[in-house]
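I have placed the structure first, in the form of structure tokens, so that the comments after it can refer back to it.
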Protein chains: 2
Amino acid sequence: MSDSTPATIEDVARIAEVSIATVSRAIHTPEKVAKSTRLKVNQAIAITGYTTNAMARSLRLGRSNMILVVAPDIGDPNFSSILVGLENEARSHGYGVLIGHTQNDAQRAVEYLKFLNSNQAAGLILFTGILPFGHETIAARLPPSVGIFEPVFNGGIPYVGVDDEEGARKVVDLLLAEGHRKIAFIGDSRTRLAYKRRRAGYDAGLNSAGVPAELRLVQEGDGTLESGRAAVERLFVRDTLPTAFMCVNDQTALGVMIGLKARGYDIPRDFSVTGFDDVPQATFMTPALTTIRQPRTLIGKHAMALLLELLSNGLPAEMEILLRPDLVVRNSVSTPSPRWRER
Amino acid sequence: MSDSTPATIEDVARIAEVSIATVSRAIHTPEKVAKSTRLKVNQAIAITGYTTNAMARSLRLGRSNMILVVAPDIGDPNFSSILVGLENEARSHGYGVLIGHTQNDAQRAVEYLKFLNSNQAAGLILFTGILPFGHETIAARLPPSVGIFEPVFNGGIPYVGVDDEEGARKVVDLLLAEGHRKIAFIGDSRTRLAYKRRRAGYDAGLNSAGVPAELRLVQEGDGTLESGRAAVERLFVRDTLPTAFMCVNDQTALGVMIGLKARGYDIPRDFSVTGFDDVPQATFMTPALTTIRQPRTLIGKHAMALLLELLSNGLPAEMEILLRPDLVVRNSVSTPSPRWRER
DNA sequence: TGTCCCGATGTAAACCTTTACATAGCGGGT
DNA sequence: ACCCGCTATGTAAAGGTTTACATCGGGACA
């Protein structure tokens, strides 16, 4: 019973007095074995405590039950909630989740590639448009893959993302409803897909509210706290002040708030500020940041579901799944200060 | 070269004009094969792009190159930084990291047990003293394991933790240096090892400063924000106020700050508050929290190193590795308010 | 020159499954 | 009575590796 070596299918077969083929069938295709035999086998399994050896199985089948999840940085708090969704979905289908992070280092990426080539993972989940494996020739050998947040490899693989445009739209609409007209957009890099989409939501919202183009102040940066602060400085220098700062992400928003506070202003009395992403710290900022919450766990769940489907069907249900994000209203937005009314 | 099916050891052998045994040896025990042969094999490997099939290897060797990391909650931001350390160390030794989270659900734990029994993981990393697998009989079959933060299974397996007592000592010493004498300790459960150790540091510090026992106010709770707030209320009701609140963790500290602010007090002017752990939000609290930083990545690195050693040697270097945490001074501590001087 | 030993290599078994194919038994249709 | 077809089961190969054991060749030593 509690041998030193684990029970094999042969032990089960001997006890159940059948062949190993029958045991295998009783486990994986029960409908193909007579009910009485099935019973004997199940008893034998219970007695021996048999678990099928995953290595042997994977070897025979030519594919493992592991999914490799590669992110630029596992330490990122945004990552972990997505991971929860990924893991739950995988587990409930008998798959395990293997993690890796590239830290934008090509060398590490190659190591993961070896992992894949040695058949250790049946599928791959890739984060944020990174193309971790240098040569495209290598990429051709990639197992079924799904991207998260952004398409990877020229859209050659399906991905699960967020409807950033709709999220941005919700933010602008909130600001407009509060009475703002002169709303600045503080972005990161114009090349990033998220930037484009969020910017599109911003433009669409202002268009449909009839806000003229000359009231739209757009600043770019690199998405860091520092770049948010810098954007504030630039706007003050040019003396073209908005009443609200709509930021491309929460980091930037924090930078903007710090920059504004440094100049002695109160938020939201003097200026309204919004973020995007709802990072864990957003609640703890002063004031608590109004932002867009990413449905992170759901993203993970969908991405994994898509991948598993890819693994069985061979074809993805869709090339793009966009989830709808929610507006989280906290305390960083109010009506425009009368102080700027005359401008 | 870029076949549809990956190259096997046989392909390499054919090209190098040697037997597959020689190829295997050239890879794993190069000193046992003649230099000229080694060269031919290496060339053949380069030509074919061969990677050894991990499944076949694990099957033959009877052990995989995966480490299973089980935590109660992967979504926990504290977890992710540790994961970074774990992953880096594992990867650099050719191991992969498989993750799982139990969510304190026994059913899920059993699923992970299956992973272990089916040989998919050679080792196990366990978080926070959870004993995820119900029956101890099953536990007996566990692969080499290492605990994180607290010993597991009656200390039967080695673990990597933090010298909580020293951390707590650093906090008390800071408070004492600022002039505090009446320092409350807001703990969680008396049964938790972390509580005991942190409490020990608190007592030791006050002892060596000659603070009498009657000035020591100790409250217990469950470590949540709410329990911090409740502790404040209790102290106010009894009207036995300290000048500083030393909390067992950051959550509790936040609760204490909220409770204090709700009564109209200013921190750190009226009361000093300290935490423990340095969660990501600690910087963003108002005021930013003075606390003890856990060397998280380092913990992960050490734990994995210990496990890998266990896997090769069979014996752990030590049963307990305690890392030294650092004091992070922010803005939640100052000298005691003169307001309470007369008490 | 014969013997021994040692280093380098090859042969084949074993690791545990899954599954194509073969076999056996049996009921039913003609 | 014969055959067909169907169901339940068994046999054996294959999947890619590692490694104990066998083999072979050559150098050293007597």
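Take the accessible area of chain B alone and of chain A alone, subtract that of the pair, and you get about 4100 Å² summed over both chains, using a 1.4 Å probe. Loop sites here are GluC sites (Glu not before Pro) outside DSSP states H, G, I, E and B with no more than 12 other Cβ atoms within 10 Å. The longest part of chain B free of them is B:18-317.
A simple rule links phi to the HN-Hα coupling: the Karplus curve 6.51 cos²θ - 1.76 cosθ + 1.60 with θ = phi - 60°, which for the stretch B:236-241 gives 5, 4, 6, 6, 10, 8 Hz, with x for Gly and Pro.
Shielding value for A:52-63 is 6, the average number of Cβ atoms from other chains within 10 Å of each residue's Cβ. Loop-located trypsin sites (Lys or Arg not before Pro) in the stretch B:7-69 (DSSP state other than H, G, I, E, B) with a sparse environment of at most 10 neighbouring Cβ atoms within 10 Å are absent. What does the helix-only formula give at 222 nm for the protein assembly as shown: each DSSP H stretch with n ≥ 4 adding -39500 (n - 2.57), the total divided by the residues, and the result rounded to the nearest 500 deg cm²/dmol? The per-residue figure over the protein assembly as shown is -13500 deg cm²/dmol. In chain B, Rg over Rh equals 1.15, where Rg is the alpha-carbon radius of gyration and Rh the Kirkwood radius from pairwise Cα distances.
Applying the Karplus relation 6.51 cos²θ - 1.76 cosθ + 1.60 with θ = phi - 60° to the stretch A:186-201 yields 3J(HN,Hα) values of 9, x, 10, 7, 4, 7, 6, 4, 4, 4, 4, 5, 5, 4, 4, x Hz, where x marks Gly and Pro.
Accessible area per residue for the stretch B:9-52 is 61 Å², calculated with a 1.4 Å probe on protein heavy atoms, without ligands, DNA or RNA.
The mean number of partner chain beta-carbon atoms within 10 angstrom of a residue's beta-carbon across peptide B:80-87 is 5. Residues whose amide H comes within less than 5 Å of that of B:GLY161, counting only those at least five positions distant or on another chain, are B:PHE149, B:ILE321, B:LEU322, B:LEU323 (H built at 1.01 Å from N in the peptide plane).
Against the 2.2 N^0.38 Å scaling, with N counting residues, where does the protein assembly as shown land? I'd like the Cα-based Rg ratio to two decimal places.
Values: Rg = 29.2 Å, N = 686, 2.2 N^0.38 = 26.3 Å.
Taking the Cα Rg and dividing by 2.2 N^0.38 Å, one obtains 1.11.
Cross-link partners of A:LYS261 among lysines, defined as those whose alpha carbon lies under 20 angstrom from its own and excluding same-chain residues fewer than eight positions apart: A:LYS182. The mean sequence distance of close C-alpha pairs (under 8 Å, at least 6 residues apart), as a share of the length of chain B, puts its relative contact order at 17 percent. Suppose we keep just the DSSP beta bridges with both residues in chain A; what percent of those would be antiparallel, to 5? For chain A, the DSSP antiparallel bridge percentage is about 10.
Are any of the pairs A:LYS114/A:LYS196; A:LYS32/B:LYS114; B:LYS35/B:LYS301 more than 29 Å apart by Cα-Cα distance, and if so, which? If you can, show how the numbers build up before the last one.
Numbers: A:LYS114/A:LYS196 35 Å; A:LYS32/B:LYS114 25 Å; B:LYS35/B:LYS301 36 Å.
A:LYS114/A:LYS196; B:LYS35/B:LYS301, as the Cα separations exceed 29 Å there.
Partner shielding of B:41-50 amounts to 1, given as the average count of beta-carbon atoms from other chains within 10 Å of each residue beta-carbon.
Counting only protein heavy atoms and using a 1.4 Å probe, what share of the accessible area of the stretch A:1-96 belongs to carbon plus sulfur, as a whole percent? Percent of accessible area from carbon and sulfur atoms in the stretch A:1-96: 53. In the stretch A:191-343, the portion of solvent-accessible area held by carbon and sulfur atoms comes to 52 percent [1.4 Å probe, whole percent, DNA, RNA and ligands not counted]. A simple rule links phi to the HN-Hα coupling: the Karplus curve 6.51 cos²θ - 1.76 cosθ + 1.60 with θ = phi - 60°, which for the stretch A:48-55 gives 7, x, 5, 10, 5, 6, 4, 5 Hz, with x for Gly and Pro.
The values are calculated or read from the model by the stated rules, or taken from the named source; none is laboratory data. Just so it is clear, the model here is predicted, and its values are computed rather than measured. Virtual Cβ from ideal backbone geometry, glycine too; neighbours counted across all protein chains shown. Accessible surface is based on the protein model in full, side chains and every heavy atom, while ligands, DNA and RNA are left aside. Shrake-Rupley method; radii C 1.70, N 1.55, O 1.52, S 1.80 Å.
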